[in-house]
Amino acid sequence: MNIVILGRGAWGSAIAGVVGQLKHRAVLVGHTDAAWPDATPDFVLVALPVQHVRETLGKFPAPGVPVLSLSKGLDIASGKRVSEIITEVWGEPRVGALSGPTFASEIAAGLPAICTIAAEDETLAREFQAVFHQPSFRTYTSGDLIGVELGGALKNIYAIAGGACHGLKLGQNSLAGLLTRCLAEMTRIGVNAGAKAETFAGLSGIGDLMLTATSEQSRNFRFGSLLAQGLSVDEILPRLGGVCEGLPTTRSVHLNSAIPADSKPIVTQLHAVLYEGMSPGKAVKNLLSRAARDE
């Protein structure tokens, strides 16, 4: 099969290696390229920073083939998921998303990984699955496109919170408790948006959260850790070596009035730290001082 990957970064390059192992022909296309490759693709994979997806898609004509998002995040201006943006810009209803605990560096090194491929159409999800599935890159399918995309996006927010917990040296008990409440919060947000609660107990939910919110390999985790150590946002970003998707995603979720304020207390406090000048220590105090309630 001919696979076009829109995005020449580490993630797109790693995925090119995965599909190449199955003898598919993968061609990387950058946002500065003027046109699609000559050969008609069977599938297009989108591996772009989320805040650049809409603009970059608008530079290319609709490919007329199924499109799979590899990007994890929400558009800060509209709050929309990447699959929704693909359908809006290209008029393509055959869309899906790949998500789960996957660091590009480990994928590129050929280390085993497991992820979820979601599409509302079960047949389409299995077609996407056939592009990737192999012993070193095991894939499961899901019909919950909303849940899988939101899990991949929201965990970036909570990875910043996990990094901040680490940077403040609050201990392992605090980190475990925080991430448990993060999972509860991301599930509430997802269900409010039409996702299935059980999706967040899977690879694209707790799986990606455990990876991204506990590892120094995660840019979002490192961002939170450095923030807690007293560095400013402007000082941190050049050190990361890539995009921190949790930063705009926090803004997007905070501004989304469709998500009740009392269902996202961690997002609210993190937004205050990132955009309103609150100290990480004060945000922790606010969260711990909330009224007692049932779990």
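The values are calculated or read from the model by the stated rules, or taken from the named source; none is laboratory data. Remember, it's a predicted structure, so these values are computed and weren't measured experimentally. Note: ideal-geometry Cβ built from the backbone for every residue, glycine included; neighbour counts use all protein chains shown. With ligands, DNA and RNA removed, areas are computed over all heavy atoms of the protein, side chains included. Shrake-Rupley method; radii C 1.70, N 1.55, O 1.52, S 1.80 Å.
Side notes on the structure shown:
- Using alpha-carbon coordinates, inclination of helix 246-255 to the longest axis of the chain, degrees: 70 degrees
- Put the Cα centre of the range 110-141 next to the Cα centre of the range 240-258 and the gap is 26 Å.
- Percentage relative contact order, the range 110-226, counting C-alpha pairs under 8 Å, at least six apart: 32 percent
- Amide H contacts under 5 Å for residue 196: 147, restricted to partners 5 or more places along the chain or on a different chain, H placed in the peptide plane at 1.01 Å from N.
- For the range 77-135, the square roots of the Cα gyration tensor eigenvalues, ordered a ≥ b ≥ c, give a/c of at least 1.5 with a/b no greater than b/c, which places it in the oblate category.
- Legend: calculated FRET efficiency, residue 134 to residue 198, from the Cβ-Cβ distance at R0 = 30 Å, rounded to 0.05, equals 0.70.
- By accessible area with a 1.4 Å probe, ligands and nucleic acids excluded, highest first: order of 23, 72: 23, 72
- Å² per residue, accessible surface of the chain at 1.4 Å: 44 Å²
- Each label point was placed 7 Å from the Cα along the Cα-to-Cβ direction; for residue 295 and residue 33 their separation is 4.9 nm.
- Shape analysis of the range 87-173 places it in the oblate category; the axes a ≥ b ≥ c from the Cα gyration tensor give an a/c of at least 1.5, with a/b not above b/c.
- Structure-derived Cα extents along the principal axes in Å: which label, when the choices are (i) 59, 37, 36; (ii) 100, 44, 29; (iii) 59, 42, 33: (i)
- In terms of its Cα atoms, the range 54-212 spans 51, 38, 29 Å along the principal axes, sorted from long to short.
- Residues whose placed amide H lies under 5 Å from that of residue 27, excluding near-sequence neighbours: 3, 4, 5
- Among the lysines of the chain, pairs at least eight places apart or on separate chains and with Cα atoms under 26 Å apart come to 20.
- DSSP beta bridges in the chain [antiparallel fraction, %, rounded to 5]: 20 percent
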